[in-house]
Amino acid sequence: MTRPRLTYEDVRMSDNLNSDGAARLPRQVADAYVDDLIAIDPITGTYLGVAASSGKLPDLSPAGRAAAAELSRSTLALLDAAERQPGADSDVERRCARLLRERLTAEIAVHEADEDLRAVSNIHSPAHSVREIFTLTPADTDEDWAAIAERLRAVPAAYAGYRECLTLGLDRGLYGGPRPTATFIEQLTGWAGESGDGEAFFAEFAAGGPDALRAELDEAAAAATGAVVELRDWMRDVYAPAIQGQPDAVGRERYARWSRYFNGTDLDLDEAYAYGWSEYHRLLAEMKTEAAKILPDAGPWEVLKYLDEHGTHIEGVDEVQAWLQGLMDEAIENLDGTHFELAERVKKVESRIAPPGGAAAPYYTSPSEDFSRPGRTWLPTMGQTRFPVYDLVSTWYHEGVPGHHLQLAQWTHVADQLSRYQASVGLVSANCEGWALYAERLMDELGYLKDAEQRLGYLDAQMMRAARVIVDIGMHLGLEIPADSPFHPGERWTVDLAQEFFGLHSGRPGDFVESELTRYLSMPGQAIGYKLGERAWLLGRDNARAAHGDSFDLKAWHMAALSQGSLGLDDLVDELSKL
């Protein structure tokens, strides 16, 4: 049975009591928080499939960010009371309460450090969220397109509010990084249709609307494009000169704050850095073994360059989209009933091509709460039309099946047994990225990487995640490169050294490497969650296997693990070990 979802105002005015006088429990407080968050953040509403959000955008100004922080503080006060009530110590209430407290506390810490005032990125900024949400907004009926026109008209105010945050940041001496800023300016130029042969993003998007609304959509899209140009000009002419010479690295204090936000735990960063190096050495040995099966006298990255030209590949953008769809469909057919037990609505996932002008990394978007919008994987083509297979197989096991899609769609499927919050808004990055990397390893364990070419591609992807731990922590904290490293031993990490190291230890092209490094600079602590999250998932599985012995059932463990909802790394190993 679905529990009633209560608004924050209901809870506050009734002194945290139900209408029958019973006290609210943590899951009800969490769901009330989601309702009120949607009211001030329609982007979240669209991700969840709330139709009323389609015509709106959030207030991205300092006042809007302060309102979101105040909602978090008020919810924590309600949670204090809810945790004292009878029944709050049940497993399902306890998990929800711990997650809600940890997430809101981490978000408040980021807000109180004024990180909102220097949120410049090539992938994860308010400006990117505004653009991306149009690709998920319903666009099937004239009514849908009327809401889209309204949302387009809201773009100028949203971007003005974002610029207000950055302006206040400049006034307070809080600066975004020069490198992410330069990349963001290039992206805005592309979104405006002023680079290459591409059309302005909002104009191209609006062109898909009905003729009956053509004039309205074109006018609204032109206003949105004008806001992009205005933001680009300000970033180029005011912001970039003001931050010139500022460091891109954030230092240990800011890094620890962001690491908590993305990982749900206070990491021992020096231990994590050492772990990254240990994985580097392990993976390098495995890569050399697989590379020798393809070209006996060549090193791993020489072999990967050979595969770029001579390996199995897909020709054409439409063709690769269809091929990736087939890869996911095959995985669902083979894994359902053997290693997972999937509901029918979880089995649907779509392969999409990402709109141009974003970062180079593939990504996944979750289904709406009612599954009317399915989960989707997105491939940025970066202008390419030829796609090596070695670079795609394990990546789509990560992004699609059994990776992000099975976890996040399963959360959505069981949301009524958990809370709306645990299944959506309370997502912890390292939990999800850790599961997706575990999913790649699982497919390797199950024999789905069918030849040395695909397995070398998988190991290259693993090496990329190990290198992320090394360079993300190393360059932001300015750590020393170990004496046993084959790369600049004894030197201190810099951004330039990080890019050189990453390029030497990745089969990806140079533009991908550069995009990745820029991403790490603007999202400190996020990239390490892949390997550290995978470590947590593997440890939880090992502990559960040891506890059950011969009776351990991997399929049952997978489904129980995927039905817990979000957990930070603080809690993940403990909860997985008990299953």
Check E204, E186, E216 and return the single one that is closer than 26 Å to Y520 by Cα and open to solvent by 40 Å² or more (accessible area, probe 1.4 Å). E186
Does L408 count as aliphatic (A, V, I, L, M), farther than 24 Å from K555 by Cα and in contact with a Pro (Cβ under 8 Å, 6 or more places away or on another chain)? no
Please pick out the residue among L539, L576 that is under 15 Å from V428 (Cβ atoms), in a helix (DSSP H, G or I), among the aliphatic types (A, V, I, L, M) and at pLDDT 95 or above. L576
Within the range 92-108, the residues that are open to solvent by 40 Å² or more (accessible area, probe 1.4 Å) and either under 24 Å from the mean Cα position of the chain (by Cα) or of a type in the set (S, T, Y) (or both) are R95, R98, R101, T105, E107
Only one of L504, L517 that is at pLDDT below 95, surrounded by 22 or more Cβ atoms within 10 Å (Cβ to Cβ) and of a type in the set (A, V, I, L, M, F, W, C): L517
Counting only residues that are touching a residue at least 40 places away in the same chain (Cβ under 8 Å) and in contact with a Gly (Cβ under 8 Å, 6 or more places away or on another chain), the range 220-249 contains a total of 6
When only residues in the range 222-254 that are within 18 Å of H476 (Cα to Cα) and of a type in the set (D, E) count, which is most open to solvent (accessible area, probe 1.4 Å)? E253
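Yes or no, residue by residue, for (1) over 25 Å from G434 (Cβ atoms); (2) buried (at least 19 other Cβ atoms within 10 Å of the Cβ); (3) modelled with pLDDT of 95 or more:
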site: D270; (1), (2), (3): no, no, yes
site: G276; (1), (2), (3): no, yes, yes
site: R282; (1), (2), (3): no, no, yes
site: K293; (1), (2), (3): yes, no, yes
site: K348; (1), (2), (3): no, no, yes
Scan the range 332-366 for residues that are more than 16 Å from E132 (Cβ to Cβ), under 22 Å from the mean Cα position of the chain (by Cα) and not charged (D, E, K, R) and report the count. 3
Kindly list the number of the only condition in (1) under 30 Å from A249 (Cβ atoms); (2) in contact with a Pro (Cβ under 8 Å, 6 or more places away or on another chain); (3) outside any helix (DSSP H, G or I) that fails for S195. (2)
From the set of residues in the range 145-156 that are open to solvent by 10 Å² or more (accessible area, probe 1.4 Å) and not charged (D, E, K, R), which is farthest from the chain's Cα centre (by Cα)? A146
Could you please give the count of residues in the range 249-293 that are in contact with a Ser or Thr (Cβ under 6 Å, 6 or more places away or on another chain) and not in a loop (DSSP other than H, G, I, E, B)? 1
Within the range 360-369, is there a residue that is within 19 Å of M464 (Cβ to Cβ), assigned to a loop (DSSP other than H, G, I, E, B), in contact with a helix residue (DSSP H, G or I) (Cβ under 6 Å, 6 or more places away or on another chain) and open to solvent by 20 Å² or more (accessible area, probe 1.4 Å)? yes
Matching residues, the range 469-483, being out of contact with any Leu (no Cβ under 8 Å at 6 or more places or on another chain) and open to solvent by 10 Å² or more (accessible area, probe 1.4 Å): G478, L479, E480, P482, A483
Please determine, by comparing only the residues of the range 43-62 that are part of a helix (DSSP H, G or I) and touching a residue at least 40 places away in the same chain (Cβ under 8 Å), which one is nearest to V155 (Cα to Cα). I43
Based on what the data block shows, is D142 surrounded by fewer than 18 Cβ atoms within 10 Å (Cβ to Cβ) and either in contact with a helix residue (DSSP H, G or I) (Cβ under 7 Å, 6 or more places away or on another chain) or over 24 Å from P58 (Cβ atoms) (or both)? yes
Tell me, yes or no, whether the range 75-91 has at least one residue that is closer than 26 Å to Y162 by Cα and open to solvent by 50 Å² or more (accessible area, probe 1.4 Å). no
The condition from (1) closer than 20 Å to L449 by Cβ; (2) open to solvent by 80 Å² or more (accessible area, probe 1.4 Å); (3) of a type in the set (D, E, K, R) that D297 misses is numbered (1)
Being over 25 Å from R179 (Cβ atoms), in contact (Cβ under 8 Å) with a residue 40 or more places away in the chain and of a type in the set (D, E, K, R) is the requirement here; does E271 meet it? no
Residues to consider are A560, A547, A527; find the one that is on the phi < 0 side of the Ramachandran plot and touching a Leu at 6+ places or on another chain (Cβ under 7 Å). A560
Every pair of residues 6+ apart whose Cβ atoms lie under 7 Å, when the first sits in the range 170-198 and is under 11 Å from R232 (Cβ atoms) while the second is basic (K, R) and open to solvent by less than 40 Å² (accessible area, probe 1.4 Å): I185/R232; L188/R232; T189/R232; W191/R131; A192/R232
Please find, within the range 370-384, the residue that is farthest from L517 (Cα to Cα) out of those that are crowded, with 17+ Cβ neighbours inside 10 Å and not hydroxyl-bearing (S, T, Y). F371
Kindly provide the set of residues from the range 109-127 that are part of a helix (DSSP H, G or I) and open to solvent by 20 Å² or more (accessible area, probe 1.4 Å), ordered by number. A109, H111, E112, D116, R118, P126
Contacts under 9 angstrom Cβ, first residue in the range 207-219 being in contact (Cβ under 8 Å) with a residue 60 or more places away in the chain, partner of a type in the set (S, T, N, Q), 6 or more apart: P210/T141
Unmet requirement for Y458, which otherwise passes all of (1) more than 23 Å from Y306 (Cα to Cα); (2) of a type in the set (S, T, Y); (3) under 25 Å from the mean Cα position of the chain (by Cα): (1)
Could you check the range 539-557 and list, in sequence order, the residues that are under 15 Å from L437 (Cβ atoms) and either of a type in the set (V, I, T) or buried (at least 17 other Cβ atoms within 10 Å of the Cβ) (or both)? G540, R541
Would you be able to say whether some residue in the range 135-145 is in contact (Cβ under 8 Å) with a residue 24 or more places away in the chain, in contact with a Ser or Thr (Cβ under 6 Å, 6 or more places away or on another chain) and assigned to a helix (DSSP H, G or I)? no
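The values are calculated or read from the model by the stated rules, or taken from the named source; none is laboratory data. No experiment lies behind these values; they were computed from the predicted model shown. Quick reminder, even Gly has a Cβ in these numbers, built from the backbone with ideal geometry, and neighbours come from all protein chains shown. Quick note on the areas: whole protein, heavy atoms, side chains included, nothing else; ligands and nucleic acids left out. Shrake-Rupley method; radii C 1.70, N 1.55, O 1.52, S 1.80 Å.
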